[in-house]
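Shown next, in structure tokens, is the structure this report addresses.
The values are calculated or read from the model by the stated rules, or taken from the named source; none is laboratory data. Please read all numbers here as calculations on a predicted model, not as lab measurements. Reconstructed Cβ throughout: ideal geometry from the backbone, glycine too, with neighbour counts over all protein chains shown. Surface accessibility is based on the protein's heavy atoms, side chains included, excluding ligands, DNA and RNA. Shrake-Rupley method; radii C 1.70, N 1.55, O 1.52, S 1.80 Å.
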Amino acid sequence: MIFVLIKIFKGELFFHLRREKKFLESKTRFYAAEIILALEYLHSKGIIYRDLKPENILIGADGHIKIADFGLSKQGIEDGAKTYTFCGTPEYLAPEILQAKGHDKAVDYWSLGALIYEMLTGAPPFYSRDKQQMFRNILEVCEL
Amino acid sequence: MLGKGSFGKVLLVEKVDTGSLYAMKVLRKDVIIQRKQKLHMRAEREILEDVDSPFILGLHYAFQTNDKLYLVMDFMSGGILKRSDFCSDKDF
């Protein structure tokens, strides 16, 4: 098996959401649906993804998406079981992860919600340059 | 080079006999160990081997040398949704 490095790569990494600022509802729905199919599949295998964010959504030449980067995923999680490790990207972190109260596959759906919000508005919910403030913004939602 | 992460880089490569394009992730073992990411890397490798979905990036080959890990994955020419403004090294 031999691989050669292609030195000249003319294509440029495209940051779709950055370029378009925000997506139409139809496009958002399409990406959301494919992400849900990926999450459902992972959950059915007992895997929590835990790292859903725009950087991990790759787009193919055909326009379909694939999710990448499983460094933070947790294996062996069955329905009802909870895990306690603290990780994830701040913007998309579920409150139960911040509170270290134990979390399950629902955290992936929290992140999906944050991602859909970002696709529609152009910015993630709860965002603040100050990380601590961002944590407070996320936690406040639980108190409502 | 397609991208650069905290543990290494991603290169665009071509398999010589078939001409197929892949993205090859090259990870430095010393950095992985130093950042205590060994378990994360092992998890990633095991999960990628275990899953098979049109919506998850496929791992085609994995091999290693003394100091590096190589993961040969699907090449996605359309780029990514967005790069985050907020660069966290996840060590908070």
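Overview of values
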{"item": "Tally, over the stretch B:45-60, of residues that are under 22 Å from A:His64 (Cα atoms) and touching a residue at least 24 places away in the same chain (Cβ under 8 Å)", "result": "2"}
{"item": "Scope the stretch A:17-36; condition open to solvent by 20 Å² or more (accessible area, probe 1.4 Å) and either in contact (Cβ under 8 Å) with a residue 12 or more places away in the chain or among the aromatic types (Phe, Trp, Tyr) (or both); matching residues", "result": "A:Lys21, A:Lys22, A:Glu25, A:Lys27, A:Phe30, A:Ile36"}
{"item": "Single unsatisfied condition, A:Met119 versus (1) closer than 23 Å to A:Ile57 by Cα; (2) crowded, with 16+ Cβ neighbours inside 10 Å; (3) at pLDDT below 90", "result": "(3)"}
{"item": "Residues that are assigned to a strand (DSSP E or B), open to solvent by 10 Å² or more (accessible area, probe 1.4 Å) and either more than 7 Å from chain B (Cβ to nearest Cβ) or modelled with pLDDT under 80 (or both), drawn from the stretch A:37-80", "result": "A:Lys74"}
